[in-house]
Ligand SMILES: [Ca+2]
Ligand SMILES: [Ca+2]
């Protein structure tokens, strides 16, 4: 991987603090190469299983969807994980690489802990037999954030190794998630933030774990959650919170107001 790719990684990493929730599936396509080993197609092809084989963007293997992309001989893709990491959990498989079909389609698997700048060869797998791999097989101790798959043949209905979903298996997937949506908070109220989500919160509008909301506007809180697996890093998110004016019922921008008898009633005039 070159510096340009690394810069893209950093961009996605920074986005992950604000845009993405934690997700076990592969998130980004770092690199790809179509060898042309299947002369019927001039670029990547695949299917969602509902019809024939069509040209596809190799990014169809990201996330959780029914599509797969085929890797005819010498074609490859490298996928990255930006909001999760995978580690060698004891006594279990760690990475799931779903290969569609049972036609003994083969691939070489490489793993990376530096987002594809360097790789460690895991081994050759037969997609018709193996979908889950155990990092213990090579004694790998790093945190995996990229996987490269290289097709080795042109077997099967869709020639080549057919890559569908790729993810960290439960127990081997770092799962701390600092992403959080906070409700709007009324001006001049207080809110105990630790009661909403565990972890460490910090912001200049926090006093003893309580949001003190004298002003309206949008404020940013830093939220740090410790992962339950000690090998995994903590997760950090910058969480926005909106402080709004509220009516006498505590509804942001609500229509109720206090009348002359100190009762909170619906107002048919302008919002207060
Ligand atoms: Ca992910
Ligand atoms: Ca393992």
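The values are calculated or read from the model by the stated rules, or taken from the named source; none is laboratory data. As the structure is a prediction and not an experimental result, all values here were calculated from the model. Glycine also receives a Cβ, built like all others from the backbone with ideal geometry; neighbour counts cover every protein chain displayed.
So that you can scan it fast, the table gives a plain yes or no per residue for (1) at positive phi; (2) more than 29 Å from the chain's Cα centre (by Cα); (3) modelled with pLDDT under 85:
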| site | (1), (2), (3) |
| --- | --- |
| 209 | yes, no, yes |
| 215 | no, yes, yes |
| 223 | no, no, no |
| 228 | no, no, no |
| 235 | no, no, no |
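Tell me, which residue of the stretch 126-140 that is over 22 Å from the mean Cα position of the chain (by Cα) and within 15 Å of ligand 2 (Cβ to nearest atom) is surrounded by the fewest Cβ atoms within 10 Å (Cβ to Cβ)? Full working, then the answer.
So the first thing to find is which residues in the stretch 126-140 are over 22 Å from the mean Cα position of the chain (by Cα), and the list is 126-130, 136-140.
When the remaining residues are screened for being within 15 Å of ligand 2 (Cβ to nearest atom), the result is 130, 136-140.
Numbers: 130: 16, 136: 15, 137: 12, 138: 14, 139: 7, 140: 18.
That would be 139.
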Report task. Can you work out which of the residues in the stretch 105-120 that are part of a strand (DSSP E or B) and under 24 Å from the mean Cα position of the chain (by Cα) is surrounded by the fewest Cβ atoms within 10 Å (Cβ to Cβ)? Result -> 120
Query raised in the report: Between residues in the stretch 118-146 that are more than 13 Å from residue 169 (Cβ to Cβ) and residues that are more than 16 Å from ligand 1 (Cβ to nearest atom) and assigned to a helix (DSSP H, G or I), which pairs lie under 6 Å by C-beta distance while being six or more apart or on different chains?
Result: 122/138
**Report entry** Extreme residue, nearest to ligand 2 (Cβ to nearest atom), among residues of the stretch 166-181 that are within 19 Å of residue 200 (Cβ to Cβ) and buried (at least 17 other Cβ atoms within 10 Å of the Cβ)
**Finding:** 174
Query - the stretch 141-163, subset surrounded by fewer than 20 Cβ atoms within 10 Å (Cβ to Cβ) and farther than 23 Å from residue 43 by Cα, residue farthest from ligand 1 (Cβ to nearest atom) - result: 141
Requested in this report: Select from the stretch 62-80 the residues that are buried (at least 18 other Cβ atoms within 10 Å of the Cβ) and either away from ligand 1 (no atom under 16 Å from the Cβ) or modelled with pLDDT under 95 (or both) and list them in ascending order.
Outcome: 67, 68, 69, 70, 71, 72, 73, 75, 76
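Keeping to the stretch 142-165, report how many residues are touching a helix residue (DSSP H, G or I) at 6+ places or on another chain (Cβ under 8 Å) and within 16 Å of ligand 2 (Cβ to nearest atom).
Total meeting the criteria: 1.
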